[in-house]
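One structure is given here, and the rest of the page talks about it.
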């Protein structure tokens, strides 16, 4: 008997960086001068999610972009504060993140159907809202590389997801 879940959600984070001998297999070239790195645990989470989704399910890659709403002013000429068009900034940021997610899906989601989603906000809120909205059947999340002490002091999004998710959660170790 094989497990197949219709909607499998994977939160995906990526960091700007250049490829080197330690991360070359996880380096994604976004533009000729722009690279991002995906963690090993995220790659493993995507692989597992594709296996869980099987031939009939979909893997939803979810990314939280920076919410600029609280800081909706930027410095203009002569140091004046000029309100920025936050909606345009959010749209551009979400488009960029979705483009990156597309490249990540093309590389790491072979054999499954990816769905891409980016939205401004705190990662915890974006993921929880998304799994509720899509009635996710499973959440597959990469564990952070933080120590127990770091998680105790500053918290862990993964720990909160495990406690607050409305669907089963699988945590892929770092």
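Kindly provide the set of residues from region 3-18 that are at pLDDT 90 or above and under 13 Å from residue 58 (Cα atoms), ordered by number.
Within region 3-18, 6, 7, 8, 9, 10 qualify.
What's the number of the condition residue 125 fails, among (1) outside any strand (DSSP E or B); (2) at pLDDT below 95; (3) farther than 17 Å from residue 48 by Cα?
Of the numbered conditions (1) outside any strand (DSSP E or B); (2) at pLDDT below 95; (3) farther than 17 Å from residue 48 by Cα, the odd one out for residue 125 is (2).
The values are calculated or read from the model by the stated rules, or taken from the named source; none is laboratory data. In this text the structure is predicted, and so the values were computed from the model without any measurement.
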